Amino acid sequence: MREKVLLLHGWGGSDHPHWQAWLAGEIAKDYGTVSFPLLDNPHFPSKNRWMKQFKKLLNDFEPDVVICHSLANTAWFHLCNEGEIKEVKRLLLVAPPRLDLELETIATFFPLSPPKNLFAKEVLLVTSDNDPYMTPKEANALQKALNIEMKVLHNAGHINGESDFGE
C-alpha cells in the first residue's frame, strides 16, 4: 500500500523551483498519492485560517506522511499544542523559523512554545547552519525541546528554491 503524502508550504508558497514542488511531481508521476495545496493567502497568512485549513486537510486527506516547510512547521506546532489532530506515521519538519520570530506580516504565528507531542510516530527535523530564520543554537534548542532527531545541512540557507533546493 502506498502512503499518502501531504506537503505543507511556508510563507509565500513553495512553487517551482522549490523542492516541495519538485517532490510533489515526483510522487505523482510514480502514481503516488500526494496533496500539495496552496494554503490560504500564502503571502499574508493568518494563523487561524491556516490552522483551520490544516485541520480540514488532515481530516479529509488522512495523510500517512506530512512534510512541512518553514511557516508550515509553526502552524503544525500550534495544532499540536491544541492537541486536536490525529497521529501520522511520519513527519518531516524542514527549516522551521525560530519560535519567537518577529516579522509583521506573519506576527499572528508567534511567539509559541514547542509542543510536547508532535502527533507522529517518526519525526525528523532538518535545518541549515545558515538559515536566516533560525540560528544553529536555536535549532539545537528546538531539537532538544522536541526530543527528536535532527539533520543539519551545511550552507543550505532556508532550504528552498532560492538556496538551490529544487530537484
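The values are calculated or read from the model by the stated rules, or taken from the named source; none is laboratory data. Because the structure is predicted, anything quoted here is derived from the model rather than measured. Cβ atoms come from the backbone with ideal geometry, glycine included; neighbour counts cover every protein chain shown. For the accessible areas, the whole protein counts, side chains as well, though only heavy atoms, and no ligand, DNA or RNA atoms are used. Shrake-Rupley method; radii C 1.70, N 1.55, O 1.52, S 1.80 Å.
Yes or no: region 35-52 includes at least one residue that is over 20 Å from residue 77 (Cα atoms) and aliphatic (A, V, I, L, M).
no
Name the strands (runs of 3 or more DSSP E) wholly inside region 8-108 in which the number of residues that are farther than 27 Å from residue 144 by Cα, of a type outside the set (Gly, Ala, Ser) and more than 16 Å from the chain's Cα centre (by Cα) is 1 or more.
33-35
Here is a check on your reading of the model: is residue 152 within 21 Å of residue 37 (Cα to Cα) and either surrounded by fewer than 18 Cβ atoms within 10 Å (Cβ to Cβ) or modelled with pLDDT of 95 or more (or both)?
No.
Would region 43-54 turn up any residue that is more than 17 Å from residue 13 (Cα to Cα), of a type in the set (A, V, I, L, M, F, W, C) and crowded, with 17+ Cβ neighbours inside 10 Å?
Checked region 43-54: no residue is more than 17 Å from residue 13 (Cα to Cα), of a type in the set (A, V, I, L, M, F, W, C) and crowded, with 17+ Cβ neighbours inside 10 Å.
Let me confirm something: among 140, 130, 117, which residue is surrounded by fewer than 18 Cβ atoms within 10 Å (Cβ to Cβ) and not in a loop (DSSP other than H, G, I, E, B)?
140
Can you confirm whether region 74-86 contains a residue that is in contact with a Gly (Cβ under 7 Å, 6 or more places away or on another chain), of a type in the set (Ser, Thr, Tyr) and surrounded by 15 or more Cβ atoms within 10 Å (Cβ to Cβ)?
So far as region 74-86 goes, no, none of its residues is in contact with a Gly (Cβ under 7 Å, 6 or more places away or on another chain), of a type in the set (Ser, Thr, Tyr) and surrounded by 15 or more Cβ atoms within 10 Å (Cβ to Cβ).
Which of the residues belonging to region 92-114 are open to solvent by less than 20 Å² (accessible area, probe 1.4 Å) and out of contact with any Asp or Glu (no Cβ under 7 Å at 6 or more places or on another chain)?
Of everything in region 92-114, those that are open to solvent by less than 20 Å² (accessible area, probe 1.4 Å) and out of contact with any Asp or Glu (no Cβ under 7 Å at 6 or more places or on another chain) turn out to be 93, 94, 96, 97, 101, 106, 109.
Please identify the pairs in which a residue from region 46-71 that is over 23 Å from residue 32 (Cβ atoms) and free of Cβ contacts under 8 Å to residues at least 40 places away in the same chain has its Cβ atom under 8 Å from the Cβ atom of a residue that is among the β-branched types (Val, Ile, Thr) and in a loop (DSSP other than H, G, I, E, B), counting only partners at least 6 apart or on another chain.
Here the result reads 55/85, each pair linking region 46-71 to a residue that is among the β-branched types (Val, Ile, Thr) and in a loop (DSSP other than H, G, I, E, B).
Within the bounds of region 15-35, is there any residue that is at pLDDT below 90 and either closer than 21 Å to residue 103 by Cβ or in contact with a Cys (Cβ under 9 Å, 6 or more places away or on another chain) (or both)?
So far as region 15-35 goes, yes, one or more of its residues are at pLDDT below 90 and either closer than 21 Å to residue 103 by Cβ or in contact with a Cys (Cβ under 9 Å, 6 or more places away or on another chain) (or both).
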